[in-house]
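The next block holds one structure in the form of structure tokens; read it before the comments.
The values are calculated or read from the model by the stated rules, or taken from the named source; none is laboratory data. These numbers were taken from a predicted model, which means no experiment stands behind them. Every residue, glycine among them, receives a Cβ derived from its backbone with ideal geometry; neighbour counts consider all protein chains shown. Just the protein is used for accessible areas: all its heavy atoms, side chains included, with ligands, DNA and RNA removed. Shrake-Rupley method; radii C 1.70, N 1.55, O 1.52, S 1.80 Å.
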Amino acid sequence: MFVGWDTDNNDAAMLATTDIAEGEIIYFTDDEWNGTEFIGNEQLIEWEVPAGGIPAGTVITVDMFRNPNGAEVTVGGTGSGITDYIRGGGQLAGANEMFWAVQGTVDGSNDLTPTNFIGVIGNEADGPDTQTPNLTGTGLTTSNGAIIIDGDNDYMEFNADGGLPDPATQQELIDAISNTSDWDLGNGGGNNNPNGTGFDLTFPDVVCFVAGTKIATPLGACNVEDLRVGDLVITKDNGLQAIRWIGHKHISGARLYAYPHLRPILIRKDALGLGYPNQDLYVSPQHRMLVNGPRVRLITGHGEALVAAKDLVNGTSIIQMPDTQRAEYIHILFDRHELVTANGTLSESFYPGGFAMDTMEDKARTELFEIFPELAVSPDNFGQSARPLTRTVEARMLV
């Protein structure tokens, strides 16, 4: 779904609400659609999804240059994939304008025949078809991919990403983005983008331990990558519990360079209190740590809560790694969501909520459904989290 629009800088941003496979071809155009065909002669950009694909929760930005010779699609702030500027002058109009993401075919005359409408964003809601995105025959509605905000705005950006459930389900993302009252708008002379250029957007992603993390077991601390299904682990609430499933996710250095939001979070020794952790701990950005104390109760209303590691980053004792050669993220799952001891401090086991399931590869998801068939019906069937989950805004207040 589109989450950003900037005609002053000729940029648009989309959020992947599901994994996108490598090699997929997506076309971007600001042509008008009359219900059966694109009728204009405006810009047309072809983009091939890069190797490794695009994980759900990734922001994709289309940068359109002001000359007819180039356009770039960036993923995680870095140019990625193969882009072909087929047609047009690289400009979005500040009034009566729209921008589509579609799949389809392009003929020898550079005419696009769509087969799958992904999304559209427009800054005019009340004009005729040539000014308002015509949704006839697209399958899009204002509840599933069409962002149409009246006012001929030069700048529009979804502003509620910081308040999303963490992790969020795909439907929660769609519903939140579709609520156009949660968008920042700007119109008038000059540059209306408060960021200058680009968009300030952050969405949930993978949730797991990093290889090398030591998990407390009855036989002593064990590296998480050495654990096996059936091994017993010490949990805070339910004593010894057997591991039911283990998942591995390998991310190359090239992928981490392209998607910096996937880089591990380093929680330095003693960052959460003396001995917590008892040695440096690396986790994925969405992996949650247990926090407690009077300040936690004051802000969340609970004596203990789980906070995503990315929301604990303070630039000193807790940082996101600036340069990582590769990462191996490991999920460990029990019969219920548990608190386990990792490098001496309490952290969560894998919680298969809707968004976490969406980020998994098909093979791992199928394997998990064989063990927990109720998850195939709904991720909500797994049960509640071990502790309340903080929202990003609450976590920032804690930090």
Problem set entry | Qualifying positions in region 224-252 - open to solvent by 20 Å² or more (accessible area, probe 1.4 Å) and either within 28 Å of the chain's Cα centre (by Cα) or among the hydroxyl-bearing types (S, T, Y) (or both) | E225, R244, I246, H248, K249, H250, S252
Exercise. If we keep just the residues of region 305-343 that are among the hydrophobic types (A, V, I, L, M, F, W, C) and not in a strand (DSSP E or B), which is surrounded by the most Cβ atoms within 10 Å (Cβ to Cβ)?
Worked result: A309
Exercise. On the given criteria, is Y276 assigned to a strand (DSSP E or B) and either within 22 Å of the chain's Cα centre (by Cα) or more than 17 Å from T392 (Cβ to Cβ) (or both)?
Worked result: no
For this session: For region 154-165, state whether one or more residues are in a loop (DSSP other than H, G, I, E, B), at pLDDT 95 or above and open to solvent by 10 Å² or more (accessible area, probe 1.4 Å).
Result: yes
Seminar exercise, completed: The residue that is least open to solvent (accessible area, probe 1.4 Å), considering only those in region 101-125 that are outside any strand (DSSP E or B) and touching a Phe, Trp or Tyr at 6+ places or on another chain (Cβ under 8 Å), is N123
Exercise. Within region 177-193, which residues are closer than 20 Å to L15 by Cβ and outside any strand (DSSP E or B)?
Worked result: I177, S178, N179, T180, S181, D182, N193
Problem set entry | Of the criteria (1) open to solvent by 30 Å² or more (accessible area, probe 1.4 Å); (2) free of Cβ contacts under 8 Å to residues at least 24 places away in the same chain; (3) in contact with a strand residue (DSSP E or B) (Cβ under 7 Å, 6 or more places away or on another chain), which one L274 fails | (3)
For this session: Give me the pairs, please: first residue somewhere in region 115-130 and under 12 Å from A93 (Cβ atoms), second residue anywhere and of a type in the set (F, W, Y), beta-carbon distance under 7 Å, and either six or more positions apart or on two chains.
Result: N123/W5
